[in-house]
Amino acid sequence: MIPVAALWVAIAWRFRWGHPRQRASLRRVWPWSLVPLILWWVYLYLDDSFGKLDLGAVIFHLQAGMTEHGGERRVFAAFAFTLCCILMLVAFTWLVRADHRWRLWERVGAIFLLAFNPLLFGLSQRGASAITQGDWLRQHYQPPRIATTPQTRPNLIYLYLESTERTYADRETFGNAYEDLAALGRRGTVFEGIKQLDNTGWTTAGMVATQCGVPLIPAGLMHDNQFEPLDAVLPHTRCLGDMLNAQGYDLTYMGGASTRFAGKKVFYEGHGFDTVLGRDELEDDVTPPDYLNDWGLYDDTLLDMATQRIRELAGDASRQPYALFALTLAAHPPFGNPSQSCLENQGEFDGVDILYSVKCTGWLVRRFLERLDREGLLDNTLVVISSDHLSMKNSEWPQLVTAQRENTFMMLGQGVPAGKRIQRQGSMVDVYPTVLEAMGFTLETRAAGLGHSLFAERPTLIEEYGLETINDHMQEEDALQSYMWKGVN
């Protein structure tokens, strides 16, 4: 930024910006561009934080609630951006008042600042969807219907690995960061080619995509309950939790972060889950009590608690089948939160290298599953391992954005072929029907939501229409959004 600033100073000196001879009036005018400039600073902060502006994520988090978020390390960055913004606005206001040339063109410039701001462009697209009332996605949506059930219903352990995309499996670029997950994949079936649709690129959206078969298109202003958090998430959508609950499953969600953040508690409790545990419910049992990170529990603590929960569920005399969903935190951008056990296993962490945290995630998950296997707790159990979404901005960002990125999705367990790779052009919405079929359930159309089973020969939406086509339709979609959020005030 220093060369850029120096260039601006040189131009200002050359054209004598603000020189007393350029003052045409003593009136204290206010520039028209102040608000457009503030909006640009908001966009720059979001882009710096996440690498790519995801307006859907911004809108959803504003509506679902951002209580107990773990982004304290971005507070300094927010302060720095705010300070720079204020300094710029002060300097700009003085320049407009002191130099009539700036006063003439800044009004025209305000129009361009508004027109080319990606933040406002995205808002205008979402507003246009209410006018166009597109229904392409709604026409392709198929409510899940189970035709037959397995004689013995298997248990399900679903592990969401925060931001741990399969892209890291490229050893030439990312070294051995993914080696433990690759080893687990050789014990089961690995799905390659799982892309990311728009509105599935943050944690809750990734969970919705894999469990409901739809992108998490935000509720829209019609459901903004006077700035109160949403009281339901996709109440009219039949998700995996609803299906398993109807089959008599005991459903548990466990995560290290607060379930109040981004509507996770509302989502899970509204879709058939019996137990929803996060930082608020688990931190009293953490040993030592201060062994917490900005988001909440470290992954070694969480997976130890998940092991105990599985022991309890497996030992239940009622023999009720169970499904346990858990979310790791170690690889959360921008720097990750590796646990103490990883520090002891991998050595010192420099506080920046996300590959260290990715490797930590894989090692902890492998250790967790090997322990369950030794105790016989994986009998009649399907294990699903997937990323929740592609990573946002981190230390490997230049390498990631030039790679052919895809999500992690693999399965292990009885009935799942070992060492098998299925290469399909799919997305996270295809996980939903694929998991149900892997559990032995038969779907009437081998589809659920917008997802098609990756075991079936029928092409997925991405194979049939392409990723860009689906995303283009999503920008103008109104019918599916209204269907999913029906019943929310």
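The values are calculated or read from the model by the stated rules, or taken from the named source; none is laboratory data. Keep in mind that what you see is a predicted model, and the values were worked out from it rather than measured. Please note: Cβ atoms are built from the backbone with ideal geometry, for glycine as well, and neighbour counts cover all protein chains shown.
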Of these, 152, 164, which one is of a type in the set (Ser, Thr, Tyr), modelled with pLDDT under 95 and assigned to a loop (DSSP other than H, G, I, E, B)?
152
If you go through segment 338-355 one residue at a time, how many are touching a residue at least 24 places away in the same chain (Cβ under 8 Å) and not in a loop (DSSP other than H, G, I, E, B)?
5
Sole residue being in a helix (DSSP H, G or I) and farther than 24 Å from residue 389 by Cβ, chosen from 320, 308:
308
Quick check: is even one residue across segment 293-303 in a helix (DSSP H, G or I), within 22 Å of the chain's Cα centre (by Cα), under 21 Å from residue 379 (Cβ atoms) and assigned by TED's automatic domain parsing to the domain that holds residue 377?
yes
Got at least one residue in segment 456-473 being touching a residue at least 60 places away in the same chain (Cβ under 8 Å), assigned to a loop (DSSP other than H, G, I, E, B) and assigned by TED's automatic domain parsing to the domain that holds residue 214?
no
Out of everything in segment 374-412 that is touching a residue at least 40 places away in the same chain (Cβ under 8 Å) and among the basic types (Lys, Arg), what residue ends up being nearest to residue 185 (Cα to Cα)?
405
Only one residue in 175, 193, 201 is assigned by TED's automatic domain parsing to the domain that holds residue 434, closer than 19 Å to residue 453 by Cα, in contact (Cβ under 8 Å) with a residue 12 or more places away in the chain and not hydroxyl-bearing (Ser, Thr, Tyr). Which one?
193
State which residue pairs qualify: first residue in contact (Cβ under 8 Å) with a residue 60 or more places away in the chain and within 14 Å of residue 216 (Cα to Cα) and inside segment 260-274, second residue among the aliphatic types (A, V, I, L, M) and part of a helix (DSSP H, G or I) in any location, beta carbons under 6 Å apart, and separation of 6 or more residues or different chains.
262/64; 263/64
Would you check if there is a residue in segment 154-163 being surrounded by fewer than 24 Cβ atoms within 10 Å (Cβ to Cβ) and farther than 30 Å from residue 357 by Cα?
yes
Just name the residue that is surrounded by the fewest Cβ atoms within 10 Å (Cβ to Cβ) out of those in segment 407-425 that are at positive phi and part of a loop (DSSP other than H, G, I, E, B).
419
Can you tell me which residue within segment 331-373, out of those that are small (Gly, Ala, Ser) and over 14 Å from residue 304 (Cβ atoms), is nearest to the chain's Cα centre (by Cα)?
331
Just checking, does segment 246-262 include any residue being assigned to a helix (DSSP H, G or I), touching a strand residue (DSSP E or B) at 6+ places or on another chain (Cβ under 9 Å) and crowded, with 22+ Cβ neighbours inside 10 Å?
no
From the list 437, 444, 463, 476, which residue is under 22 Å from the mean Cα position of the chain (by Cα), charged (D, E, K, R) and surrounded by fewer than 21 Cβ atoms within 10 Å (Cβ to Cβ)?
476
